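See below for the structure under consideration.
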Amino acid sequence: MSAWIPTSWQEHPAAQQPDWPDPAALDGVLKELHGRPPLVFAGEARTLQAALAKVARGEAFMLQAGDCAESFNDSSADGIRDKLKVILQMAVVLTYASGLPVVKVGRIAGQFAKPRSAVTEEREDTVLPVFRGHAINDAAFDTESRRADPRRLLTAYNQSASTLNLIRALTKGGFADLRQIHVWNQEFVAASKQGRRYEAIAHQIDRSLRFMAACGINLETDASLHEVDFYISHEALLLGYEEALTRQDSLTGDWYDCSAHLLWIGERTRRIDGAHVAFLSGVKNPIACKLSAAATPDDVLRLCDALNPDNEPGRLTFITRMGADKVGDALPPLVAVVQSDGRNVVWTCDPMHANTFVTPSGYKTRRLADIMVEIKRFFAVHNAAGTVPGGVHLELTHQNVTECLGGAEEIFDHDLAHRYEALCDPRLNARQSLDLAFEIGAMLQT
Ligand code: PEP
Ligand code: CO
């Protein structure tokens, strides 16, 4: 086999690529992206891999969360800050319950391309290309909006850069300081049951910090109280874009996909001989791969061979998304084969993507109850096998949307129309996210 280079994937079938009407324009854009600065650095990707190696050993917990699809119409500083608030709040709840550090990874700053189950969408008598995410086309149902426009890749890069820039400023510049813990409670959350429960923890943490200061511990000098490591991730779907942002690390000579710290392969693109596996096999970032209930033990071993041939801890995460009703049967054989074969992987649970359904009124939704059941069963499988339930992968937003059903302040079927703004899949709102964090915290406590 010839040595891997960033273009090696082109010799394999690439599923889920848009039909770009103007290949010359696409080429021009990809060349331009190739000349742009990397968004992340190799050293950061290595730090994340080390953190994930801890997750694999059960010494940390991974929280990966954000939008299903980010939007070009929603790039405000307030939105980014509030999304970060929800994830920081959830991480506090999880850390407080489990006593474990939480590895925080956003589905953010690059999550602009979606795999779709159909190539076209039909409404009344009109058939148009399907919406594939803002890096490709627009969601509005007209010919112009649905045309794949490569200039959107530059907008995706630019929005990723400005989003990441703000995330870096917020997480390293004082906003993520543990003494700001009360500020992370957004107004509409603070008034809720979950918000008050969070406040109680925040109050305890305040007291602990005051206690330590009174004991003479100098809290000023300890960076871990004032800064947070926050990583970015997205599905590595558009291989031209990912290739254009791949750089050779000057320190090690290794290739890194510098569009994000962690990249994942979706359920629809994990074919072992496909271009997505071929591409991610050659970059040294930590990577992840989704697994549905249809994945076989053989698929899993072959993915380990292709994506983590040196069996490095923290390199490969399997994100299982099997459904509340299937995970109990489908997960154990996969966990068993990985365990008996001595493969190092991180197991995380995406309780969103196999618990989606459409209501009679036409809304794509998920029940918080199903989400919780899938997580509970995921924990139960790992606890029974003696393996590590390493984390969760969630679709959520900071906004007070009504896209998923249930929660401590119930959202019912008839509430969905009230504020349904998802570009792609339904997201948990901030209150439902906190609800879930308390539930997961309780599972980690036992
Ligand atoms: C997603 O994460 O938004 C997604 C499409 O997931 P999956 O590949 O698991 O269907
Ligand atoms: Co989704």
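Quick check: at a probe of 1.4 Å, how many percent of the accessible area of segment 14-122 sits on carbon and sulfur atoms?
Values: 2240 of 4260 Å².
Answer for segment 14-122: carbon and sulfur cover 52 percent of the accessible area.
Here segment 381-446 has 47 percent of its accessible surface on carbon and sulfur atoms, given a 1.4 Å probe and all protein chains in place. Looking at segment 308-446, what % of its DSSP beta bridges pair antiparallel, to the nearest 5? In segment 308-446, approximately 25 percent of DSSP beta bridges are antiparallel ones. Say the cut-off is 32 Å between C-alpha atoms; which of Lys172/Lys326; Lys31/Lys364; Lys114/Lys193; Lys193/Lys364; Lys83/Lys364; Lys31/Lys284 go over it? Distance filter (> 32 Å) returns Lys172/Lys326; Lys31/Lys364; Lys114/Lys193. Across the options Thr246, Ala200, Asn218, the greatest Cα extent toward the positive end of the charge dipole of segment 190-272 (unit charges at beta carbon of Lys, Arg, Asp, Glu) belongs to Ala200.
If I compute solvent accessible area with a 1.4 Å probe over the protein chains, what percent of it on segment 205-331 is carbon and sulfur? Before the final figure, lay out the partial values.
Values: 2340 of 4780 Å².
Within segment 205-331, the accessible surface is 49 percent carbon and sulfur.
Lacking any other cysteine beta-carbon closer than 4.7 Å, the following Cys residues of the chain have no compatible partner: Cys215, Cys258, Cys289, Cys304, Cys349, Cys404.
Considering the dipole of the chain built from charges on the beta carbon (Lys and Arg +1, Asp and Glu -1) around the Cα centre, which of Leu209, Gly282, Val337 is farthest to its positive end? Final value for the positive-end residue is Leu209. Rounded to the nearest 20 debye, the dipole magnitude of segment 21-445 is 760 debye, with +1 charges on Lys and Arg beta carbons, -1 on Asp and Glu beta carbons, and the Cα centre as origin.
These residues, Asp149, Asp222, Asp325, go from largest to smallest accessible area, 1.4 Å probe, as Asp325, Asp222, Asp149.
Under the Kirkwood approximation applied to all pairs of distinct alpha-carbon atoms, what is the hydrodynamic radius of segment 316-446 in Å? Spell out each step's value before the answer.
On the way: mean 1/r = 0.0652 Å⁻¹.
In segment 316-446 this quantity evaluates to 15.3 Å.
Only the Cβ atoms of Lys and Arg (+1) and of Asp and Glu (-1) were treated as charged; on that basis the dipole of segment 321-386 about its Cα centre amounts to roughly 180 debye. The DSSP beta bridges internal to segment 21-445 are antiparallel in roughly 20% of cases. When Met322, Met443, Met212 are compared by accessible area at a 1.4 angstrom probe, the order from most to least is Met212, Met443, Met322.
To the nearest 10, the accessible area of Val102 is 10 Å² with a 1.4 Å probe.
List the residue ranges in the chain for DSSP H helices whose C-alpha atoms run 27 angstrom or more along the long axis and whose Kyte-Doolittle average is -1.0 or above.
Details: long enough: 77-98 (31 Å, 0.65); 151-172 (32 Å, -0.18); 193-214 (32 Å, -0.77).
The qualifying helices are 77-98, 151-172, 193-214.
What the chain shows is 41 Å² of accessible area per residue, with the surface traced by a 1.4 Å probe over protein heavy atoms. Which one of Met352, Thr317, His414 is farthest out on the positive end of the charge dipole of the chain, using unit charges on Cβ (Lys, Arg +1; Asp, Glu -1) and the Cα centre as origin? My answer, from the dipole projection, is Thr317. With every protein chain in place and a 1.4 angstrom probe, the accessible-area ranking of His182, His261, His414, largest first, reads His414, His182, His261.
Rg and Dmax over the alpha-carbon atoms of the chain stand at 21.3, 74 Å.
Sequence gap at least 6, Cα distance under 8 Å: using those rules, report the relative contact order of the chain to the nearest whole percent. Walk me through the numbers on the way to the answer.
Numbers: 847 pairs, mean separation 95.9, N = 446.
Computed over the chain, the figure is 22 percent.
In a reduced charge model with +1 at each Lys and Arg Cβ and -1 at each Asp and Glu Cβ, segment 1-111 shows a dipole moment near 660 debye about its Cα centre.
The values are calculated or read from the model by the stated rules, or taken from the named source; none is laboratory data. A quick note: this is a predicted structure, and the numbers were derived from the prediction, not measured. A quick note on method: Cβ atoms are made from the backbone with ideal geometry, for glycine too, and the neighbour counts reach across all protein chains shown. Calculation scope for accessible area: heavy atoms of the full protein, side chains included, ligands and nucleic acids excluded. Shrake-Rupley method; radii C 1.70, N 1.55, O 1.52, S 1.80 Å.
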